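The values are calculated or read from the model by the stated rules, or taken from the named source; none is laboratory data. Bear in mind that the values here come from a model prediction, so they are computed numbers and not experimental data. Heads up, the Cβs are rebuilt from the backbone with ideal geometry, glycines too, and the neighbour counts pull from every protein chain shown. Only protein heavy atoms, including side chains, enter the accessible area calculation; ligands, DNA and RNA are left aside. Shrake-Rupley method; radii C 1.70, N 1.55, O 1.52, S 1.80 Å.
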Amino acid sequence: MNKVMLIGNVGQEPEVRYVDQGVAVARVRLATTERGYTLQNGTQVPEHTDWHNVILWRRLAEVVEKYVHKGDKLYIEGRIRYTTYDDKQGQKRYATEIWADNMEMLSPKANTPAGQSEMASEPAPASQVAPEETPAGEALPF
């Protein structure tokens with residue numbers, strides 16, 4: 001089973017592109033933080049933040065484009081994907097991405113009652129793009 005669940009904050013404005021036949025693709029940088037703590041022996045364990053590249057397709061990407069901004073708190077469910085690419089110098093690079101199947105907006109909005117969240121999800125239809133290829137058959141447009 002390949003399942004990832006994250007709760008974190010958006011680190012920069014999302015990037016949204018439209019590929020073949022107007023299919024929306026969004027990339028979101030999400031920060032998850034583990035709080036620091038003190039062990040019984042007095043040792044301080046510092047706070048630790050990890051950054052995740054989250055990819056959202058179709059309707060989820062359209063929701064991100066309209067409603068998600070830097071600093072917003074999101075809940076993401078998806079799958080982890082490992083990709084490789086060659087950079088401008090011809091060096092092989094590796095990237096880890098989270099391909100989102102479900103997203104819940106956790107930040108309260110002015111037009112949303114406090115404590116209520118907005119939800120967007122996209123079931124995995126049979127016509128969904130295969131994980132190892134994009135609609136254009138090329139790397140993601142980011």
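Structural remarks
- Solvent-accessible surface of the range 4-71, averaged per residue with a 1.4 angstrom probe and all protein chains in place: 62 square angstrom.
- Once the Cα-Cα distance is subtracted from the 0.36 nm per residue extended length, the Thr96 to Asp50 segment shows a gain of 15.3 nm.
- Using a Förster distance of 30 Å, the FRET efficiency for Gln12-Thr38 (Cβ separation, nearest 0.05): 0.40
- Listed by chain and number, the lysines whose alpha-carbon sits under 27 Å from that of Lys3, ignoring those within fewer than 8 places in the same chain, are Lys66, Lys70, Lys73, Lys92.
- Ranked order, Tyr75, Tyr37, Tyr94 - accessible area, probe 1.4 Å, largest first: Tyr94, Tyr37, Tyr75
- Prolate/oblate/rounded label for the range 1-108 (Cα gyration tensor, a/c 1.5): oblate
- A Förster radius of 30 Å, combined with the Cβ-Cβ distance separating Ser107 from Arg59, puts the computed FRET efficiency at roughly 0.95.
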